[in-house]
Amino acid sequence: LRMERHQGMAKNTSMRWRLPLVCLLWELAMIVLFGAFVRFGAEADAHWEEEKRQMNLTSDMENDFYFRYPSFQDVHVMIFVGFGFLMTFLKRYGFGAVGFNFLLAAFGIQWALLMQGWFHSFKDGKILIGVENLINADFCVGSVCIAFGAILGKTSPIQLLVMTLFQVTLFSVNEYILLNLLHVKDAGGSMTIHTFGAYFGLTVTWILYRPNLEQSKDKQGSVYHSDLFSMIGTLYLWMYWPSFNSAISDHGDAQHRSAINTYCSLAACVLTTMAFSSMLQKKGKLDMVHIQNATLAGGVAVGTSAEMMLTPYGSLIVGSVSGIVSTLGYVYFTPFLESRLHIQDTCGIHNLHAMPGLIGGIVGAITAAAATEDVYGKEGFIKAFDFTGEYETRTAGVQGGFQAAGIVVSLLMAFAGGALVGGILKLPIWGDAAAENCFEDDVYWEVPEDEESDVYRMHSPSKAASP
Amino acid sequence: LRMERHQGMAKNTSMRWRLPLVCLLWELAMIVLFGAFVRFGAEADAHWEEEKRQMNLTSDMENDFYFRYPSFQDVHVMIFVGFGFLMTFLKRYGFGAVGFNFLLAAFGIQWALLMQGWFHSFKDGKILIGVENLINADFCVGSVCIAFGAILGKTSPIQLLVMTLFQVTLFSVNEYILLNLLHVKDAGGSMTIHTFGAYFGLTVTWILYRPNLEQSKDKQGSVYHSDLFSMIGTLYLWMYWPSFNSAISDHGDAQHRSAINTYCSLAACVLTTMAFSSMLQKKGKLDMVHIQNATLAGGVAVGTSAEMMLTPYGSLIVGSVSGIVSTLGYVYFTPFLESRLHIQDTCGIHNLHAMPGLIGGIVGAITAAAATEDVYGKEGFIKAFDFTGEYETRTAGVQGGFQAAGIVVSLLMAFAGGALVGGILKLPIWGDAAAENCFEDDVYWEVPEDEESDVYRMHSPSKAASP
Amino acid sequence: LRMERHQGMAKNTSMRWRLPLVCLLWELAMIVLFGAFVRFGAEADAHWEEEKRQMNLTSDMENDFYFRYPSFQDVHVMIFVGFGFLMTFLKRYGFGAVGFNFLLAAFGIQWALLMQGWFHSFKDGKILIGVENLINADFCVGSVCIAFGAILGKTSPIQLLVMTLFQVTLFSVNEYILLNLLHVKDAGGSMTIHTFGAYFGLTVTWILYRPNLEQSKDKQGSVYHSDLFSMIGTLYLWMYWPSFNSAISDHGDAQHRSAINTYCSLAACVLTTMAFSSMLQKKGKLDMVHIQNATLAGGVAVGTSAEMMLTPYGSLIVGSVSGIVSTLGYVYFTPFLESRLHIQDTCGIHNLHAMPGLIGGIVGAITAAAATEDVYGKEGFIKAFDFTGEYETRTAGVQGGFQAAGIVVSLLMAFAGGALVGGILKLPIWGDAAAENCFEDDVYWEVPEDEESDVYRMHSPSKAASP
């Protein structure tokens, strides 16, 4: 073991100059670009009193802040605590999971504010931002956190920053194509966030294939308390997912409906996950990996349709199916992907995000295609799908077709983008660790010399003496 | 130890077919029943634009979603992270605490949406749901989480699901009797949630009495880090309790007042708990069990009265008293219950929920009886107690009497229901573990082969060599 | 080790009568004072219906509860989970970190409601409270949590309560001078909370200097999992800081703007912290102490200016600088403070709160001085700085001067108050531990006899046999 590590260290993993250089230069670039482009939107600007008068608003309550800020904070928790802690399940990679997730997300939201801003909030040469931009930036970064799950433990922080730079860019392009060119609805991001993010990450990890990864097999498991830390992530993702899927829906019924559909789908998903987790194990014991991950598939799978009239029982069906698919994926598909396709997927994002994301896109297409004025009401129908302006004459069926096209576009962007970025990350200049040092915080972090076991033994002096 | 375990395994605890069968069939039933009955309420339906016009609402802000969703999310966190992590204090039962709580709550909220829906939101053959229904479903499940506390570590997941099925049903009946027939106020659920849930659970555990439980005595304690995990649960319950007690109060002053009263009560409760925890121990050291639990009694004890004009100093008094009662309960009452009454109460729910729940019911009755038009204002008085329609002539004194009757009804329902359900759970078909395997995740979970201590010793090669 | 502890016990650390006495008497005092003074404000009182009519409000939504309650809950989480868990990094002091923080904050918010109430919400002999008072009470206590960070592990719970009593009092006086006499803006509390709290705590720990503290050097470090617990605190502080800085800003654009500025500042701060953490270590490895703390400096440093038109790029600059300053502080300044100035700062609050607080005050002064009607709009300018009544003629430049004066006043109050309180805490009657027992939960807590390592080894019988 000792020898292997030294051998690993031979691969230069020192971040001393590379990481600071990237962080500082990129932050400087952010400052310059923000200075050139980013300003407060009307609802966050000190001129709001005038705006209010112009818009004939009688109350500060009409400020979008009050419609969306609580959901924004829930989404924020999902990105930083949810994804961060979900990935702490590895016994020796908790610092990397939480810390690198923190780093890439903090950079990503800045870059996303710019990229998405240029596409969606650009006016008279300036990007005008408000709470909805913050949510969208968090969403965009969510897709990077997903991709991070596939390469967790195998990449240097610089590689993660490089991936973030490119993935945020490609995400924004893909999002623009879907939302603006195809006029697709995807409030909870089944396609833009989950399908794109997951297949992007899977392509990257496929390109970064490490044939000798079994050298760090002993570190790929969990320990008792790391599994509990991971459950913190799981539960926050699970509880706040209704906020995620409803955060940028239209004010009023759409936000309300999204939250209810997501709540129902997630509840059903827990039951089918538990059922299949127990059923697929010889002794019928539950597997923490499934509980930590597959229980969340229900949130992914209603991402597109939650704001539509999916109905509570429709949500239960979608949630139930996605829990089953996801759990089966962990048991049968992940090993297959690794052994046959050489796709090493540390967190199993194929089961939690890729397949449920596809389900979500398909369910969204079907739900849109099946929409009628009878179910939505005349006004509601137009409002739900934004059938105004140049889209005034689009029918539900056609919308369903475009929704389906959105899935295909997202997949293509993910594969192409992932291949490009994977190629870049393969360059031998980013300081990634050797196979035998993967999944090990010691490479990039000062790790405390843990004498935990000894500390705990203070009451039994015979043991305390041993170190 | 090894032999005992094998002996225990002789009791068939395999969940392989039983748990999947129950989960899948029940989820199927949920889908069918939701399909038959559950639809979106007016504020979540796509017809909302028409509804708005009809109701003469000028802003989407008037949608109940914006009045209650932030509180809903706080309550949601209390149920899943709060109760889930509170129960992780046991050294080897963290997976069961968080995981089974997750399972029963996910099933329970679906069943509660139906049961409560039939009683309270039934219109033209359909249950119309909105955010208030989600909150009430979470509330209902809260009473199951409480009962779970009494039997934590001693039951199989199937038993927990069976208990949930019955308890949610009985909860809804009891709630209907109190709120609709007796016209009782109980926004924070001192009676419906805490008194009912706790005495229900205590009756169940009394019926499931295990005479040989001392065989697993070594696993009934905590370890250092399990106590810290538990504090996560405690703090989230404590911090979000103002949201819990105000979540379904009337819009405006009632929600505002409930939050303030609860905040005050909880703050006072911490001080008296710390005082008595220190005072009752020979060396004056604080006991984590008290801090984790008794500090929350203040939230329970103002559950009924928080939305009334209890006043901040009234809240301080109630909180102070309940902290004292609860801490005394842990020190003197729990051992007595176990040794004399054969009530084995793993988490001490008698101290955290039962006694404070009774206090809450009584304080509510007194506060209602003492209400005057002078204190509430003419309109406020009518609004606070819904003295309209057939209750137009009810006086404060009479209301106090009905409130008191609500306590008695809740107790009777709890005892009868608990006895019934306890009897069912005693059947030898549910796969519960033998006494020596209680409080042990290994029975129902794949537990990682923890080499934590070795992992941590990587810097001292002499030790790393030992395994 | 054993001997040292016994020797330490010779110093009487028993809390048995002292702690209960203080807790119970002070809680009694709270009840009496609340009874004499505290009542519900108009928006939480049952007379609200009449108030609404009088104020010509058409919707319950106009109740301040709905503007501020979500932010309040976020702030509440920051105080109890954020500060509480941030301080759990010490290997043997997790109970004290979370538990004492819980105790002092629960007392502090009650006393703060009174103190701040007398200064700001006093009307006809009564303190009228609403959700804004709860937020302010939490804010006030935040400054005590900060000061606690400097003396963490070295003081008894009684000392912490005594400090809280005095610090809350002095905080309220200082806040009154700044906000009311100097008419200074400080919504996020860079001056009132951070600068005051940090220098107060540093002065206290300077007075309580322990020359033999290296006797407990072995307990001053972290272990792997304690660092992860600490990251829970870090992330909740980081994520909710936008709520903190916007919680008591004016309705509408000001709250909106504060959240955006803080979000930007914090994101930038993470990158510069990571950069300098890596750069300042020989092997380029990241240090958890920096990630846990310096990443938060960006929130402190925009505390005063976040509600002003700081602009997003301005926020990035402030965040970037504060991350650098804070990380440099941990590496160079903390050791210097301890060795040369005899200031033992357990959590490094000088780097996280004191210096960034000063930066925040200065940035606030500059931003105020630079404000123009052009940037803010005529109405917006007046509203942003409350230039009404006797301040109608104050100019931006003069405001900047008063802001700067606010920094000086806060510093003076902190030094004088800290010296006074430090002197009181030095009295040998409060039960603090000997130097060799510092940073050790065992002194004030029942600590479980941890056999964790053995528990985890259940699968390797050869080991399980050893205890």
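The values are calculated or read from the model by the stated rules, or taken from the named source; none is laboratory data. Since the model is a prediction, treat every value here as computed from it, not as a measurement. Glycine also receives a Cβ, built like all others from the backbone with ideal geometry; neighbour counts cover every protein chain displayed. Ligands, DNA and RNA are stripped out before the accessible areas are found, and what is left, the full protein with its side chains, is counted by its heavy atoms. Shrake-Rupley method; radii C 1.70, N 1.55, O 1.52, S 1.80 Å.
Sorted from nearest, the other copies put their residue C:395 label points 7.0, 7.0 nm away, the label point being 7 Å from Cα in the direction of Cβ. Residue ranking by accessible heavy-atom surface, 1.4 Å probe, largest first, among A:16, C:257, A:340 comes out as A:340, A:16, C:257. Fully extending the segment from residue A:16 to residue A:181 would add 55.0 nm, taking 0.36 nm per residue of separation and subtracting the current Cα-Cα distance.
In the complete set of protein chains, residue-level accessible area for residue A:342 is approximately 80 Å², probe 1.4 angstrom.
To the nearest ten degrees, helix B:224-246 and the longest principal axis of the Cα atoms of chain B are 10 degrees apart.
Applying the Karplus relation 6.51 cos²θ - 1.76 cosθ + 1.60 with θ = phi - 60° to the range B:281-286 yields 3J(HN,Hα) values of 10, 3, 8, x, 7, 6 Hz, where x marks Gly and Pro. If the label for residue A:118 sits 7 angstrom from Cα along the Cα-to-Cβ line, what are its distances to the same label in every other copy, in nm to one decimal, shortest first? Taking the point 7 Å beyond Cα along Cα→Cβ, the inter-copy spacings are 5.9, 5.9 nm. Let me test this: with uniform point scatterers at the alpha carbons of the range B:1-127, what is the Debye-based log₁₀ I(q)/I(0) at q = 0.09, 0.12, 0.23 1/Å? Debye curve over Cα of the range B:1-127, log10 I(q)/I(0) at q = 0.09, 0.12, 0.23 Å⁻¹: -0.46, -0.72, -1.33.
When the helices of the protein assembly as shown are scored as -39500 (n - 2.57) per DSSP H run of n ≥ 4 and the total is divided over every residue, the value at 222 nm lands at -19500 deg cm²/dmol.
A Cβ-based charge dipole, computed about the Cα centre of chain B with Lys and Arg at +1 and Asp and Glu at -1, lands at about 1420 debye.
Buried area at the B:C interface is about 7700 square angstrom, summed over both chains, from accessible surfaces computed with a 1.4 angstrom probe. Cross-link check: pairs A:91/A:154; C:11/C:154; B:126/B:185; B:185/C:126 evaluated at a Cα-Cα cut-off of 20 Å; pairs beyond the cut-off: B:126/B:185; B:185/C:126. Using the 1.4 Å probe convention, the accessible area of chain B works out to 29 Å² per residue with neighbouring protein chains retained. If R0 is taken as 30 Å, the Cβ-Cβ distance between residue B:412 and residue B:123 corresponds to a FRET efficiency of 0.45.
Here the convex hull built on the C-alpha positions of the range C:351-405 has a volume of 82 cubic angstrom per residue. Near the amide H of residue A:40, within less than 5 Å, lie the amide hydrogens of A:129, all on another chain or at least 5 residues away, with H placed in the peptide plane.
State the Cα centre-to-centre distance between the range C:375-415 and the range B:100-153 in whole Å. Spelled out, the Cα-based centre of one part sits 52 Å from the other. For the pair residue B:429 and residue B:339, a Förster radius of 25 Å applied to the C-beta separation gives a FRET efficiency near 0.25, rounded to the nearest 0.05.
To the nearest 10 degrees, how steeply does helix A:355-369 sit against the main Cα axis of chain A, on a 0 to 90 scale? Helix A:355-369 sits at roughly 10 degrees to that axis.
Under the classification rounded if a/c is under 1.5, otherwise prolate if a/b is larger than b/c and oblate if not, where does the range C:291-443 fall, given a ≥ b ≥ c as square roots of the Cα gyration tensor eigenvalues? It is prolate, given that a/c is not under 1.5 and a/b is the larger ratio. Over the range B:64-186, what number does the Rg to Rh ratio reach, with both radii from the alpha-carbon atoms and Rh per Kirkwood? My calculation puts Rg/Rh at 1.00.
So how tilted is helix C:196-207 from the main axis of chain C? Cα-based, degrees 0 to 90, rounded to 10. That works out to roughly 30 degrees. One equal scatterer on each Cα of the protein assembly as shown, no solvent, Debye formula: the resulting log10 I(q)/I(0) at q = 0.04, 0.09 Å⁻¹ is -0.21, -1.23. Per-atom-type breakdown for the range C:70-428 gives carbon and sulfur 66% of the accessible area (1.4 Å probe, protein chains only).
Here each label is just a point 7 Å from Cα along the line to Cβ, and for residue B:215 and residue B:398 those points are 5.9 nm apart.
For chain A, averaging the sequence separation of C-alpha pairs within contact (under 8 Å, six or more residues apart) and dividing by the residue count gives a relative contact order of 23 percent.
Prolate is the label for chain A, because the ratio a/c of its alpha-carbon gyration tensor axes (a ≥ b ≥ c) is 1.5 or higher and a/b is greater than b/c. If R0 equals 25 Å, the separation of the Cβ atoms of residue B:58 and residue B:382 corresponds to a calculated FRET efficiency of about 0.45.
Mean projected area of the convex hull spanned by the Cα atoms of the range B:247-301, taken over all viewing directions: 3.9 nm². Residues whose amide H lies under 5 Å from that of residue B:286, counting only those 5 or more places away or on a different chain, are C:445, C:446; hydrogens are built 1.01 Å from N in the peptide plane. Working note: Cα atoms of the range B:91-135, range along each principal axis, descending, whole Å: 51, 16, 10. For the pair the range C:213-252 / the range B:219-295, the C-alpha centres are spaced 20 Å from each other.
Ranking B:90, B:206, C:63 by Cα position along the charge dipole of the protein assembly as shown, where only Lys, Arg, Asp and Glu carry charges on their C-beta atoms, puts B:90 farthest toward the positive end. Sorted shortest first, the distances from the residue C:211 label point to those of the same residue in the other copies are 6.7, 6.7 nm; each point sits 7 Å from Cα along Cα-to-Cβ.
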